[in-house]
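Report on the following structure.
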Amino acid sequence: MPRVFSGIQPTGDLHLGNLLGAVRNWVQDQHDADSFYCIVDLHALTVPKAPGEVGAFSLEMAQTLLACGLDPDVCTLFVQSHVSEHAELAWLVQCVTAMGELNRMTQFKDKSARQGGKQDLVSVGLYTYPALQAADILLYDTDRVPVGEDQRQHIELTRDVAERFNARYGETFVLPEATIPRAGARVMDLQEPTDKMSKSATSDAGVVYLMDDLAVTAKKFKRAVTDSDGTVAFDPVAKPGVSNLLSILGAATGRSPEDLADEYSQYGPLKVDTADAVVALLEPIQARFRELVEDPAATNELLAIGAEKARAVAADVYDRAVRNVGLLPRPVL
Ligand code: TYM
C-alpha cells in the first residue's frame, strides 16, 4: 500500500477550500493507502497566538476532520506536537535547507507581508516553516501528499531537501509527490474571486466556513461576485467569479466545470445550484460534528491512539536519519 501523509493547521474553522482541496481526498485515500493525517499545531505557532488557543483549535479540528469522514480505524489521525520527532527532524532538515530556498517561498512572502513585513514581528519559525513541513512528510516515508495547489511549492522543496540529504548522507528519505485534485485544487474567495479562499481574508463574506449556519452559506453564494458579461463559461482568467462557482459545483458533484458551463445560461440558477450542492455536502458534516463535541474525551482518546501509531513509524525513520548523519549514538539512560 502506498503511504499518504498530509497536514492541516488548527487555526479555527475549516473552510470550503480546505474541504474540496484536501480533506475530501484524505477521506477517499484512507481506504486505498496507509494514511497519516496530522493537525500541525507547531506550524500554527509561527504567527502569534493567545495562550490555549492552539490547543482548543486542535481538538476542534480533530472533531471537524472526524465529522468530515476520517475514520480512525483505517487512518492515523494525530497532533504534530504529540510526536516529538517532528521538531527533532525539522532541525536536521533545516541544516540541509538553503536560505535562498526559503526566501523563494511564496507562502512566507504572503504571510510576512500580512504582518507588515516587519523583521521584528515576523518569526524565525514562519521563515523555517517549510523545513518543519518537509520533516513532517519525510518522517513517514511518504509516497503521496494530497494537498491543494497552494502547497505545491512546499512539496517541491521537500523533494529537493530530501534529495540533498540522501546525496550527502546516503539513502535515507523517500521522495514524496504532491497529489492535487483536478477540481477544487484552488477554491477562490466568493467576494474576491482572484484571491484564494482563506481563513485570513479581510472579510468573511467570501469565505464559506464548514460550520456556518447553512442559511448564511446559501446567502454567501447568492451574493457571490460574478461579472457583467452575462454568459456562463469556464474561463478562470477572464471570468474568475463564474468559473469559481463552476469549479465548486463541479467538485461538489463530481462533474467537470466545462460540462456544467454548457448547462447554464444565467448566473442566478448557477448560484442556487452551487449553494444547494454545498449545503447538501455540509449538512451531514455539521450533524456529526454536533455529536462529537458532546464527548471531547472520546476524541482525545482517538488522538492518543493516533500519536502512538504515528510515533511507531516516525521513531524508526528519525533513527535512520540520525544514524546516517552519524551522530554519536544516544546512551541508553
Ligand atoms: P493549510 O492548513 O493552510 O490548509 C490545509 C489544506 O487545505 C488546502 N487549501 C485549499 N485548497 C483549495 N482551495 C483553497 N482555497 C485552499 N486553502 C487551503 C491546502 O492546500 C492544504 O492542503 N502548510 C500546510 C500544512 C502542513 C502540511 C504538512 C501539508 C504542514 N505540514 C505536511 C501537507 C504535508 C498548510 O498551511 O495547510
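The values are calculated or read from the model by the stated rules, or taken from the named source; none is laboratory data. No experiment lies behind these values; they were computed from the predicted model shown. No Cβ is skipped: glycine too gets one built from the backbone with ideal geometry, and neighbour counts run over all protein chains shown. Just so you know, the surface numbers come from the protein's heavy atoms only, side chains and all, with ligands and any DNA or RNA stripped out. Shrake-Rupley method; radii C 1.70, N 1.55, O 1.52, S 1.80 Å.
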Compute the projected area of the convex hull of the Cα atoms of the range 204-291, averaged over all viewing directions, and report it in nm² to one decimal place. 5.6
Which distance in nm do the two modelled labels at residue 156 and residue 229 give, with both placed 7 Å along the Cα-to-Cβ direction? 2.8
Taking the Cα centre of the range 204-291 as origin and charging only Cβ (+1 Lys, Arg; -1 Asp, Glu), how large is the dipole, in debye to the nearest 20? 300
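Which whole-number percentage describes the relative contact order of the range 141-206, with Cα contacts under 8 Å and a sequence gap of 6 or more?
Averaging sequence separation for qualifying contacts and normalising by length gives 34 percent for the range 141-206.
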For the range 204-291 the mean separation of alpha carbon contacts under 8 Å (6+ apart) over residue count, i.e. relative contact order in percent, is 33
How far is it, in nm, from the label point at residue 213 to the one at residue 301 when both lie 7 Å from their Cα along the line to the Cβ? 3.5
Mind running the shape call on the range 43-86? Use the C-alpha gyration tensor, a ≥ b ≥ c as the square roots of the eigenvalues: rounded below 1.5 for a/c, prolate if a/b tops b/c, oblate otherwise. oblate
Taking a crude spin-label model, label points 7 Å out from Cα along the C-beta direction, the residue 56 to residue 205 distance in nm is 2.8
Per residue of the chain, what 222 nm ellipticity follows from adding -39500 (n - 2.57) for every DSSP H run with n ≥ 4, rounded to the nearest 500? -16500 deg cm²/dmol
Calculate, for residue 308 and residue 171, the FRET efficiency according to 1/(1 + (r/R0)^6) with r their C-beta to C-beta distance and R0 25 Å; round to the nearest 0.05. 0.35
Assign one of three labels to the range 48-190, namely rounded, prolate or oblate, based on the Cα gyration tensor with a ≥ b ≥ c the square roots of its eigenvalues; rounded applies when a/c is under 1.5, prolate when it is not and a/b is larger than b/c, and oblate otherwise. rounded
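Please report the relative contact order for the chain, taking Cα pairs under 8 Å with a sequence separation of at least 6, and give it as a percent rounded to a whole number.
22
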Calculate the length of the line joining the C-alpha centroid of the range 95-116 to that of the range 172-188, in whole Å. 20
FRET efficiency, residue 32 to residue 195 (Cβ-Cβ, R0 35 Å, nearest 0.05): 0.55
Using a ≥ b ≥ c from the Cα gyration tensor of the range 246-317 (square roots of the eigenvalues), is it rounded, prolate or oblate, where a/c under 1.5 gives rounded and otherwise the larger of a/b and b/c decides, a/b for prolate? oblate
For the range 45-139, which trypsin sites (Lys or Arg not before Pro) are both in a DSSP coil and crowded by at most 15 other Cβ atoms within 10 Å? 49, 104, 118
In the range 145-272, if the dipole is taken from +1 on Lys/Arg beta carbons and -1 on Asp/Glu beta carbons about the Cα centre, which of 215, 249, 264 is farthest to the positive end? 215
Provide the solvent-accessible area of residue 196, counting protein heavy atoms only and rolling a 1.4 Å probe, rounded to the nearest 10 Å². 70
Lysines near residue 109 by alpha-carbon distance under 20 Å, same-chain residues fewer than 8 away left out - which ones? 49, 118, 196, 199
What is the packing order of peptides 294-305, 70-81, taking the mean over residues of other C-beta atoms within 10 Å and listing the highest first? 70-81, 294-305
Give the span of the chain's Cα atoms along each principal axis, as three whole-Å numbers ordered largest to smallest. 70, 45, 41
